[in-house]
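Notes to accompany the following structure.
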Amino acid sequence: MKQYRNTWAEINLEAIGYNIQQLKKLLPDKRKIMGVVKANGYGHGSVQVAQTALNVGVDFLMVALLEEAVKLRENGIKAPILVIGRVPPAYAYVAANLGITLSVFQIDWLKNIDNDKFEKTLDLHVEFETGMNRTGVCTLNELEEIVEMVRHMDNVKLTGAYTHFATADEIGSELFEEQCKRYEKMLESLATLHPGPLMTHIGNSAAGIQYPDKMHQYTRFGVAMYGLYPSIPIRGLNSVDLKQAMSLHSELIQVKKIIAGECVSYGATFCAEKDTWIGTVPIGYGDGWRRSLQDFHVLLNGKKMPIVGRICMDVMMIELDQPYEVGQKVTLIGENNGAIIEMDDLANHLDTINYEIPCMLTSRIPRVYV
Ligand code: PMH
């Protein structure tokens with residue numbers, strides 16, 4: 001659909017390509033990258049990010065939902081895709097027919113699809129529970145049952161085995177080491193139960209950056225691909241240079257002078273102490289630009305301008321240091337005339353992690369690719 005509004009998120013696909021190349025350099029030879037494009041590519045646009053990743057040598061993609069995988073297929077992406085979330089067994093056929101790999105960690109899930117007829121064999125990666133306690137096969141007995149069951153089914157095939165870390169973003173975590181040990185133990189058992197090649201993958205961005213030598217065949221890079229560090233300590237390792245791929249911009253739609261004592265926006269929470277130039281910016285909480293950013297700032301002409309008064313659903317007001325023209329560019333995330341607002345700055349202000357920032361911007365904000 002044509003976009004008419006003057007607020008947009010710019011996605012620098014070259015930065016994503018650059019980040020993938022930097023991450024690849026960290027890993028030992030022949031180790032590969034699985035591109036994590038769930039949640040619409042962390043808000044960047046899953047199809048465009050997937051295409052960029054595939055262009056720089058990524059050959060496996062990962063999403064959380066079957067819907068997300070189907071969207072990639074509908075947009076012509078033919079590369080293998082793993083869905084990590086539990087897909088209701090009734091829809092396993094959708095994945096099978098589109099050549100989408102699913103995760104398995106429950107014998108009952110397999111029993112549910114035992115008699116299904118698919119157009120193609122359904123590939124499965126078994127997830128091991130090693131310490132995250134989210135999803136995964138918990139015991140060796142359960143693993144044995146699952147492998148046995150798969151062996152007797154002709155509509156599915158076991159092609160991979162993985163786990164997920166809870167604390168890889170901390171430096172030198174004991175739980176990380178413990179999870180590695182548990183994974184290796186389960187993998188050994190699996191090798192005896194299921195001879196034949198299996199694709200193995202354990203790490204996310206934090207694990208891949210902190211422990212590149214411990215990574216298995218694939219590392220599932222998400223946040224780092226988008227140019228964000230998984231945590232402050234991981235950023236502090238200074239081992240990889242990443243470029244933030246998303247920036248967010250808008251333009252002034254009205255500029256006015258209010259006199260001392262006049263207030264701004266709902267609740268009149270900001271009242272000018274002196275005559276003050278106020279600019280109106282067309283972005284609000286209906287775009288995911290959260291109300292609690294009220295005391296944060298934006299960039300204009302390379303300078304910080306404070307957000308004043310309550311953020312409305314569609315617009316917010318900023319205090320200007322001088323009158324500017326309507327149409328003057330305002331940067332909410334990213335670079336503006338040498339100054340920068342990082343996702344990390346916003347995350348800090350909102351008391352959250354940088355992952356949440358690009359994900360919180362709703363589909364009302366057009367993504368523009370450069
Ligand atoms: N693998 C799995 C199984 C994941 O759940 C995630 C991200 C990744 C890889 C990629 O992690 P990265 O972005 O740190 O590289 N999952 C989540 C999550 O559930 N909440 O935040 C990130």
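The values are calculated or read from the model by the stated rules, or taken from the named source; none is laboratory data. A quick note: this is a predicted structure, and the numbers were derived from the prediction, not measured. Backbone-built Cβ (ideal geometry, glycine too); neighbour counts: all protein chains shown. Keep in mind that these areas ignore ligands, DNA and RNA; they rest on the heavy atoms of the full protein, side chains included. Shrake-Rupley method; radii C 1.70, N 1.55, O 1.52, S 1.80 Å.
With the Cα gyration tensor of the range 299-351 in hand, give its eigenvalues times 5 under a square root as the equivalent ellipsoid semi-axes, listed largest first in whole angstrom. Don't skip to the end; give the middle numbers.
On the way: eigenvalues 68, 52, 17 Å².
Gyration-tensor ellipsoid for the range 299-351: 18, 16, 9 Å.
For the range 78-131 and the range 199-218, what is the separation of their C-alpha centers, rounded to whole Å?
Centre-to-centre (Cα) distance: 23 Å.
Going by Cβ distance under 4.7 Å, what cysteines of the chain have no possible disulfide partner?
Result for the chain is Cys138, Cys180, Cys312, Cys359, no neighbouring Cys Cβ within the cutoff.
When you have a sec, figure out the Kirkwood radius of the range 13-236 from all distinct Cα pair distances and drop it here in Å to one decimal?
Details: mean 1/r = 0.0563 Å⁻¹.
About 17.7 Å, per the Kirkwood formula over Cα pairs.
How much of the DSSP beta bridge set in the chain is antiparallel, as a percent to the nearest 5?
Numbers: 30 of 60 bridges.
About 50 percent, rounded to the nearest 5.
For Tyr91, Tyr266, Tyr226, give the ranking by accessible area with the largest first, probe 1.4 Å.
Numbers: Tyr91 120, Tyr266 155, Tyr226 0 Å².
I get Tyr266, Tyr91, Tyr226, largest accessible area first.
Just report the Cα centroid separation between the range 339-360 and the range 262-284, whole Å.
Going from one Cα centre to the other spans 24 Å.
In debye, nearest 20, what is the charge dipole magnitude of the range 13-236 about its Cα centre with +1 on Lys and Arg Cβ and -1 on Asp and Glu Cβ, if you could check?
Working: 22 positive and 26 negative charges, 138 e Å.
About 660 debye.
Helix-only estimate, please: 222 nm mean residue ellipticity of the chain, summing -39500 (n - 2.57) across DSSP H runs of length 4 or more and dividing by its residues, to the nearest 500.
Values: 12 runs with 106 residues, N = 370.
Value at 222 nm, helices only: -8000 deg cm²/dmol.
Helix 174-193 against the longest principal axis of the chain: what's the angle in degrees, Cα atoms only, rounded to the nearest 10?
The answer is roughly 30 degrees.
How tilted is helix 13-26 with respect to the longest principal axis of the chain? Cα atoms for both, answer in degrees (0 to 90, nearest 10).
50 degrees
Near the amide H of Val308, under 5 Å away, which other amide H atoms are found, from residues 5 or more places off or on another chain, if H is placed in the peptide plane?
Excluding prolines and chain starts, which carry no amide H, the hits are Met317, Ile318, Glu319.
Any idea what angle helix 46-55 forms with the longest principal axis of the chain, computed on alpha-carbon atoms, 0 to 90 degrees, nearest 10?
With both axes taken from Cα atoms, the answer is about 70 degrees.
For Glu251, list long-range residues whose amide hydrogen, built 1.01 Å from N in the peptide plane, is under 5 Å from its own amide hydrogen.
Amide H to amide H, under 5 Å and 5 or more residues apart or across chains, Glu251 pairs with Val330.
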